[in-house]
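Inspection log for the structure reproduced underneath, given as structure tokens.
The values are calculated or read from the model by the stated rules, or taken from the named source; none is laboratory data. Everything numeric in this text was worked out from a predicted model, so none of it was measured. Every residue, glycine among them, receives a Cβ derived from its backbone with ideal geometry; neighbour counts consider all protein chains shown. Accessible surface is based on the protein model in full, side chains and every heavy atom, while ligands, DNA and RNA are left aside. Shrake-Rupley method; radii C 1.70, N 1.55, O 1.52, S 1.80 Å.
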Amino acid sequence: MFSTRSKTAAVLLCSAAIAVSASACGSSTSKPAAAATSSSSMAASTGSSSSATAPSAPFGSACSAVPATGAGSFTGMATDPVATAASHNPVLSTLVTAVQAAGLVDTLNSAQGITVFAPTNDAFSKIPADTLKAVLADKAKLTKILTYHVVSGKLSPDQLAGSHATLEGGTVNVTGSGQSFQVNGANVVCGNVQTANATVYIVDSVLMPTS
């Protein structure tokens, strides 16, 4: 049999062992909690980073002429294919008339991923009235001119500068950077306008193919 002193020592040793074991368990459970907190913070950081990569907004002096609300606004145009979107925008009414006269509405609306250089009404007004009337009546010539304004791919502003093959078969040359561009010398007056299937750069002159 143990003496009273031996029993007391045994009890103290057991208590110390239990305390050390409890401390070790507490230490091991706290580390996963810290790791989970770190993982959660990283996930939150990653999520906020990905949400910041939205497309840049339209830019240019003529953007103020685009309606603020409705189907012809930037938000409204983004939901429609390009020919339909343009038909709602009063800045592009002459272009829409020309597209309809050439029978290109379905062609443009069904195209997948294009860039359109869209002349304003004022751009068409630079053409003598008799000449414009004659072009609108000549479907082949009108189609050639209009398809010269279309290139493959939805070009963002940082992809815009350079030479691009057109639907007509020729090329257009874009110069500039940032928010200042020229297409064959015509100024981009409202750029990076999004439609359901196209990126539109509104220009202040009608582009004419060389051949």
*Look at segment 179-196 and say how many of its residues are in contact (Cβ under 8 Å) with a residue 12 or more places away in the chain and in a strand (DSSP E or B).*
11
*Could you give every pair whose Cβ atoms fall below 9 Å, whose first residue belongs to segment 111-134 and is open to solvent by less than 20 Å² (accessible area, probe 1.4 Å), and whose second residue is aromatic (Phe, Trp, Tyr), counting only separations of at least 6 or pairs across chains?*
Thr115/Tyr201; Val116/Tyr201; Phe117/Tyr148; Phe117/Tyr201; Ala118/Tyr201
*Can you name the condition, by its number, that Val96 falls short on among (1) surrounded by 14 or more Cβ atoms within 10 Å (Cβ to Cβ); (2) touching a strand residue (DSSP E or B) at 6+ places or on another chain (Cβ under 9 Å); (3) modelled with pLDDT of 95 or more; (4) within 16 Å of Ile202 (Cα to Cα)?*
(2)
*Is it the case that some residue within segment 139-153 is modelled with pLDDT under 95, touching a helix residue (DSSP H, G or I) at 6+ places or on another chain (Cβ under 7 Å) and assigned to a helix (DSSP H, G or I)?*
no
_Suppose we filter segment 165-205 for residues that are aliphatic (A, V, I, L, M) and open to solvent by 10 Å² or more (accessible area, probe 1.4 Å); how many remain?_
5
*Go through segment 86-134 and tell me which helices (runs of 4 or more DSSP H), entirely inside it, have 2 or more residues that are closer than 21 Å to Asn184 by Cα.*
93-102, 121-125
*So Gly162 fits all but one of (1) crowded, with 19+ Cβ neighbours inside 10 Å; (2) modelled with pLDDT of 95 or more; (3) more than 19 Å from the chain's Cα centre (by Cα); what number is the exception?*
(1)
*asked:* Quick test of your reading of the structure: Val82 fulfils all but one of (1) of a type in the set (A, V, I, L, M, F, W, C); (2) under 25 Å from the mean Cα position of the chain (by Cα); (3) open to solvent by 20 Å² or more (accessible area, probe 1.4 Å). Name the failing condition by number.
replied: (3)
